[in-house]
Amino acid sequence: KHDIAIHPNNPDIVFICNDGGIFKTGDGGSSYIDLSSGISISQFYRLGGYALDENILYCGQQDNGVLRKNNANWNMAVFADGMECAVDYSNSNNVLVATQYGQLNLSNDGGITWTDVTPSQTGAWTTPFLYHPTDPSFVFAGYDELYKSNVGGWSWISIGNPTNNAAIDILA
């Protein structure tokens, strides 16, 4: 929460500003109304799209999860601090997104449902991962060790520790 203001003539009316927007309560905090409609307030860490359709996009937002855009519709895909996002370039239904410290989530239905596929380590705040450039069944993720999946992210094996136990924060 960044700011809280109480209405000067009615102490039951409270306004709260946070990373998700501006909210108002009229019942002392039991319920809130979002006043943010039409206000662009997100900060994006990373985004990932599908090269064959500009209407498919995933955006990792600071403090506000991962947004999924499908055509003109935007909805919340995964909650937490949204980070790196990648869409399988051969099949837009296969999507990997991360939240803080490398919590990886995989969808095979275009972002409708998600499965936690995180390797056994914690990564950097914005943990990098990427699809292999010619074979999307291979995915790489950088934690304290470099991980590889040969099944599109469903399972991971460590392939080394190039940073001497420091968190990997860039992959190419």
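The condition (being open to solvent by 70 Å² or more (accessible area, probe 1.4 Å), more than 24 Å from GLN103 (Cα to Cα), under 21 Å from the mean Cα position of the chain (by Cα) and free of Cβ contacts under 8 Å to residues at least 60 places away in the same chain) is satisfied by just one residue among ASN9, ASN71: ASN71. Of all residues in segment 130-166, those satisfying the criterion of being hydroxyl-bearing (Ser, Thr, Tyr) and over 15 Å from LEU104 (Cα atoms) are THR134, SER137, SER158, THR163.
Checking the stated criteria, SER92 turns out not to satisfy the condition of being of a type in the set (S, T, N, Q), open to solvent by 40 Å² or more (accessible area, probe 1.4 Å), in contact (Cβ under 8 Å) with a residue 24 or more places away in the chain and assigned to a loop (DSSP other than H, G, I, E, B). Considering only segment 12-26, state which residues are within 21 Å of the chain's Cα centre (by Cα) and part of a strand (DSSP E or B). Correct list: ASN18, GLY21.
What is the number of the single condition among (1) touching a strand residue (DSSP E or B) at 6+ places or on another chain (Cβ under 9 Å); (2) surrounded by fewer than 17 Cβ atoms within 10 Å (Cβ to Cβ); (3) farther than 24 Å from ASP116 by Cα that VAL14 does not meet? Unmet for VAL14, out of (1) touching a strand residue (DSSP E or B) at 6+ places or on another chain (Cβ under 9 Å); (2) surrounded by fewer than 17 Cβ atoms within 10 Å (Cβ to Cβ); (3) farther than 24 Å from ASP116 by Cα: (2). If the condition is being assigned to a loop (DSSP other than H, G, I, E, B) and either aromatic (Phe, Trp, Tyr) or touching a Leu at 6+ places or on another chain (Cβ under 8 Å) (or both), then segment 95-119 contributes TRP114, VAL117, THR118, PRO119. The single condition among (1) part of a strand (DSSP E or B); (2) open to solvent by 10 Å² or more (accessible area, probe 1.4 Å) that THR126 does not meet is (1). Any idea which residue in segment 37-50 is least open to solvent (accessible area, probe 1.4 Å), counting only those that are of a type in the set (Ser, Thr, Tyr) and in contact (Cβ under 8 Å) with a residue 24 or more places away in the chain? Here the answer is TYR50.
Close Cβ contacts (under 9 Å, 6 or more residues apart or on different chains) running from residues in segment 17-36 that are over 15 Å from ASP3 (Cα atoms) to residues that are open to solvent by 70 Å² or more (accessible area, probe 1.4 Å) and of a type in the set (A, V, I, L, M, F, W, C) comprise GLY26/ILE33.
If only residues of segment 27-84 that are of a type in the set (Phe, Trp, Tyr) and in a loop (DSSP other than H, G, I, E, B) are counted, the one that is nearest to VAL14 (Cα to Cα) is TYR32.
Residue-wise test of (1) under 20 Å from GLU54 (Cβ atoms); (2) of a type outside the set (S, T, N, Q).
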{"position": "ARG68", "(1), (2)": "yes, yes"}
{"position": "ALA72", "(1), (2)": "yes, yes"}
{"position": "ALA80", "(1), (2)": "no, yes"}
{"position": "ASP109", "(1), (2)": "no, yes"}
{"position": "THR115", "(1), (2)": "no, no"}
{"position": "SER137", "(1), (2)": "no, no"}
{"position": "SER149", "(1), (2)": "no, no"}
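Conditions tested, residue by residue: (1) of a type outside the set (Gly, Ala, Ser); (2) at pLDDT below 90.
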position	(1), (2)
ASN10	yes, no
ILE16	yes, no
LYS24	yes, no
GLY28	no, yes
ASN55	yes, no
ASP63	yes, yes
THR99	yes, no
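For (1) among the basic types (Lys, Arg); (2) over 25 Å from ILE56 (Cα atoms); (3) outside any loop (DSSP other than H, G, I, E, B), each residue gets a yes or a no:
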position: GLN121; (1), (2), (3): no, yes, no
position: THR134; (1), (2), (3): no, no, no
position: TYR147; (1), (2), (3): no, yes, yes
position: GLY153; (1), (2), (3): no, no, no
position: ALA167; (1), (2), (3): no, yes, no
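The values are calculated or read from the model by the stated rules, or taken from the named source; none is laboratory data. All values reported here derive from a predicted model rather than from experimental measurement. Neighbour counts run over all protein chains shown; Cβ positions are idealised from the backbone, glycine included. Surface accessibility is based on the protein's heavy atoms, side chains included, excluding ligands, DNA and RNA. Shrake-Rupley method; radii C 1.70, N 1.55, O 1.52, S 1.80 Å.
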